[in-house]
Amino acid sequence: MNDRNFQNLSDQELEALMRAGASSLPPDDGLVEEITPWRRAMKRALLGIALNLVTLNFWCLNYLLPAIGTLLLLLGFRALRRENRGFALCWHLALLQAAVRYACLILNAAVWQAEVYQLPWMRPLPYVLSFVSFVQALGLRAGFRAARQKAGLAPAAPGTTALAVWYLIMCALALVNYTGFLGWVLILAYFIILRTLWKLPRQLEEAGYAIRLAPVRFSDFALGAGITGALAAGIAGCYLFASGYDMGWVPVPEREQMGLDELREELLDLGFPENVLNDLTAEDLAICEGAIRIFVDQGDYPVNGGRLVTREESGYHVQTRVYDVNELRITGVAVELPGEREHWRIIHHFEWIVDPGFHGTESLQFWPAYHIEEGWSKGGEATGRVLYDRDGTTYAAPYHYLGERSYQSDTMFWGKQQNNDLFAAFSFPARGQRQRGYVAYDTLENADGYIMDSWINYTHQNSWLQYPVRTAMENRMRGSWNLSGTFSLVQTAIQFYPNDPEDFSDNGYTIIQE
């Protein structure tokens, strides 16, 4: 009989063969180590414990390695769950860890995952998982002690107590958000502890310890393939059906601005762009009544990578990036309204003149004129909406989010900074034409001589290929440099000095092409 055929035996068949005292048992010690069910199960469990701590923040390894580690824990403790109560506890906690970790892996592919993680009952989740790992270490300790007693050895199991203490210290440090040098010491101690635990299965085998394998309905391969398939299906479903906001689009009435025809004509005479005027709600249009003068800034901007063109200049070859297509048109409109001091209505309007493809979320970030607090103050809450056309009908929806948001960004030169900016978050359907929208706000003069300076930062999502899924608004708040290519950023501003008459043409407005 070929000795290597032992590799094809199941755990139950091998155990029955060993108990029957078969004469053809593998003679090679290396082969015994390779196929012994006890050692295989324990090595899977210990390797799973190690991988659950690994956090390599590149190539998604911080998600992939713990996912593999959780599967190894399941496979390892599944075979040992009938051996004693300690290993049974480890098995049930491995089931709990798998349910939570794999559910989070699927949730990470949904656009609303950040909102779920911010729910009050979800915030303690990392601490709960750390405590579960601590209890699992206690179960491992109890399981090893029981196994050693069964093998006629002293019940002390070197390393298992240290592992439980290690997890307890980590739980305490997590509660106080400790990030000092002690963390590196604990990581080194962790691998020393695992090396000690790695020797325990061999010691038990040398003492003649044999385990009672738990019966299983599915093979290890079938279980692993089933979990992997379920994860892939769940993540794919989130990409397909949970990659954008639910906007609640409704058709725009044909005569939405009924009764405001005279005001429309007055604004058009002052130079208000007609395409922007047509997109205003009746309420936002009525706010512009009594307009004194209007300033307009308009430009077309690219969201593509362009192409490099080489030209010769002063004997040198110089490369310049050229954009053949500018997909996004941004128009800034400033409307001066009556008042004791200057009162301006600022409208930032955008329109996609070339469809770039919409794969998830979009966002607008504003640095309003009142960010210069000495010169201007906030005149009220921002308003606005998004629109698109399809089959001759215009659809509109309010922004998924429109308002101010406080957040902390991590910058390259100034480190972490606390910010409070005006944001608008939204999604467009994959089908449609003339995707567009606007945001409007009022600002009031505090002192003479200050520039009107209102910025819009448009973040567009270029691809669905990202994990975990991050919205355009979240990407902008993180201060990302868009090196991954998942998002593009377009920045522009409407800027002028209200008290300088040269800023305005004879009919009361100026259009600046950038």
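The values are calculated or read from the model by the stated rules, or taken from the named source; none is laboratory data. All figures in this text were calculated on a predicted structure; none of them were measured in a lab. Neighbour counts are summed over all protein chains in view; Cβ atoms, including those assigned to glycine, are modelled from backbone coordinates with ideal geometry. Areas reflect the complete protein model, heavy atoms only, side chains present, ligands, DNA and RNA absent. Shrake-Rupley method; radii C 1.70, N 1.55, O 1.52, S 1.80 Å.
Annotations
Listed here are the residues, each with its yes/no results for (1) on the phi < 0 side of the Ramachandran plot; (2) of a type outside the set (S, T, N, Q).
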{"site": "Ala382", "(1), (2)": "yes, yes"}
{"site": "Asp391", "(1), (2)": "no, yes"}
{"site": "Ala396", "(1), (2)": "yes, yes"}
{"site": "Ala424", "(1), (2)": "yes, yes"}
{"site": "Ser427", "(1), (2)": "yes, no"}
{"site": "Gly432", "(1), (2)": "no, yes"}
{"site": "Arg436", "(1), (2)": "yes, yes"}
{"site": "Gln466", "(1), (2)": "yes, no"}
{"site": "Met473", "(1), (2)": "yes, yes"}
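- Residue pairs whose Cβ atoms lie under 7 Å apart, sitting 6 or more positions apart in sequence or on different chains, and linking a residue in segment 424-443 that is acidic (Asp, Glu) to a partner that is surrounded by fewer than 22 Cβ atoms within 10 Å (Cβ to Cβ) and not in a strand (DSSP E or B), are Asp442/Gly379; Asp442/Gly380.
- Residue match in segment 423-441 (condition: more than 24 Å from Trp249 (Cα to Cα), at pLDDT 90 or above and not acidic (Asp, Glu)): no
- Matching entry among Val335, Val318 (being farther than 23 Å from Leu402 by Cβ, in a strand (DSSP E or B) and over 33 Å from the mean Cα position of the chain (by Cα)): Val318
- Any pair with Cβ under 8 angstrom, 6 or more apart, that starts in segment 118-138 at a residue that is outside any helix (DSSP H, G or I) and ends at one that is open to solvent by less than 90 Å² (accessible area, probe 1.4 Å): Met122/Val116; Arg123/Tyr117
- The C-beta contact set for segment 37-55 (first residue over 14 Å from Tyr167 (Cα atoms) and modelled with pLDDT of 80 or more, second residue part of a helix (DSSP H, G or I) and small (Gly, Ala, Ser), distance under 7 angstrom, 6+ apart or interchain) comprises Ala41/Gly76; Ala41/Ala79; Met42/Gly76; Arg44/Gly76; Ala45/Gly76; Gly48/Gly69; Gly48/Gly76; Leu51/Gly69.
- First in segment 258-277 and more than 17 Å from Ala440 (Cα to Cα), second anywhere and open to solvent by 20 Å² or more (accessible area, probe 1.4 Å) and in a helix (DSSP H, G or I), Cβ under 7 Å, 6 or more apart: Leu260/Ala282; Leu260/Ala286; Leu268/Glu274
- Looking only at residues in segment 176-224 that are open to solvent by less than 80 Å² (accessible area, probe 1.4 Å) and among the aromatic types (Phe, Trp, Tyr), the one that is modelled with the lowest pLDDT is Tyr209.
- Residue in segment 288-297 that is modelled with pLDDT under 90 and open to solvent by 60 Å² or more (accessible area, probe 1.4 Å) present: no
- Some residue of segment 365-382 being open to solvent by 40 Å² or more (accessible area, probe 1.4 Å), within 19 Å of Asn462 (Cβ to Cβ) and not β-branched (Val, Ile, Thr): no
- Within segment 244-287, restricting attention to residues that are of a type in the set (Val, Ile, Thr) and open to solvent by less than 60 Å² (accessible area, probe 1.4 Å), the residue that is farthest from Thr383 (Cα to Cα) is Val252.
- Test result for Tyr450, modelled with pLDDT under 95, touching a Phe, Trp or Tyr at 6+ places or on another chain (Cβ under 8 Å) and not in a strand (DSSP E or B): yes
- Here Leu270 does not qualify as in contact with a Leu (Cβ under 7 Å, 6 or more places away or on another chain), over 30 Å from Leu71 (Cα atoms) and not charged (D, E, K, R).
- So Val111, is it open to solvent by less than 30 Å² (accessible area, probe 1.4 Å), β-branched (Val, Ile, Thr) and at pLDDT 85 or above: yes
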